[in-house]
Amino acid sequence: MRAAVVIPARDEQDAIGAVVCEARSAMPDARVIVVDDASHDCTAARAQETGADVLLLRTHAGYAGALRAGYRSALEEPLDAVLQMDGDGQHRAADLPRLMAGLEACDLVLGSRFMGPSPGYRIPAVRRAGMAACRWMAREAGGLDLTDPTSGLRALRPALAGRLADQGFPSGLTETSLLIHLHRAGFRITEIPVRMRASQGHSMHAGVAGATHLARISWAVMGQVTGRADEPARAPEPARAART
């Protein structure tokens, strides 16, 4: 199967090299795309040194914006799968082939750290509580029985990746509210068990940032329940693409 691996990253110079090497080892025939979301460090250089194609965004676009740019770049060529993992070292690239295999029956496959006996690392209590809240919202508001709706380790069919690249993420979010939106639109979503690692880089959802993010998710889900939905943002343009 023809595939591309999209890795959004911001200020991940210490982790991104190993992430790219793992992705290339696990998916030797896939194009590996690192979307540098206006980093202040050497993330782009480290990614390019290890063999990734690098998209440099002019301004900070956020996680959803970086994904949209990555999807658009990936879909410049015919593909059977678009794979997605984070640039902080938390996800194991060895799981990517199993995620891709799941696309034979579904449109979106999530890697779940909660389907097996252990997630693979110690999750802080506050973060675990936020994940539980997202599971509850997915089930009660969206009718989705998912164990890990916040997982960023994913495989998408090209048609779905193209839709998100063109139309954007509702409310600018990539997690629970997006999954509810896609489920209502008829897309098939499933999970496979994976083990993850503690982030080796910058956590986007620690402390106050985590509480703020959970509040955004809750507001977006409430909007879906009440019929109010935010318009997706436009996809950012990369400053340039460096291909190796």
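Summary table
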| read-out | value |
| --- | --- |
| Gained length - Arg195 relative to Val126, 0.36 nm times residue gap less alpha-carbon distance | 22.9 nm |
| Amide H partners (placed H, <5 Å) of Ser112, local residues excluded | Ile192, Val194 |
| Note, ³J(HN,Hα) from phi for region 48-61, Karplus 6.51, -1.76, 1.60, rounded to Hz, x at Gly and Pro | 5, 4, 9, x, 8, 7, 10, 9, 9, 8, 5, 10, 5, 9 |
| FRET efficiency estimate (nearest 0.05) - Cβ-Cβ, Ser118 to Glu77, R0 25 angstrom | 0.10 |
| Convex hull volume per residue for region 45-145, taking Cα atoms only, in Å³ | 169 |
| Nonlocal amide H pairs with Val32, under 5 Å, H built at 1.01 Å | Val5, Asp53 |
| Residue-by-residue Karplus 3J(HN,Hα) for region 14-29, coefficients 6.51, -1.76, 1.60, Hz, glycine and proline x | 7, 10, 5, x, 5, 4, 5, 4, 4, 5, 5, 5, 6, 10, x, 9 |
| Asp148, Asp36, Asp53 arranged by Cβ crowding within 10 Å, fewest neighbours leading | Asp53, Asp148, Asp36 |
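None of the figures in this text is laboratory data; all of them are computed from the coordinates on show. On a predicted model such as this, the values are computed, not experimentally measured, just so you know. Don't worry about glycine lacking a Cβ; one is built from the backbone with ideal geometry, like all the others, and counts go over all protein chains shown.
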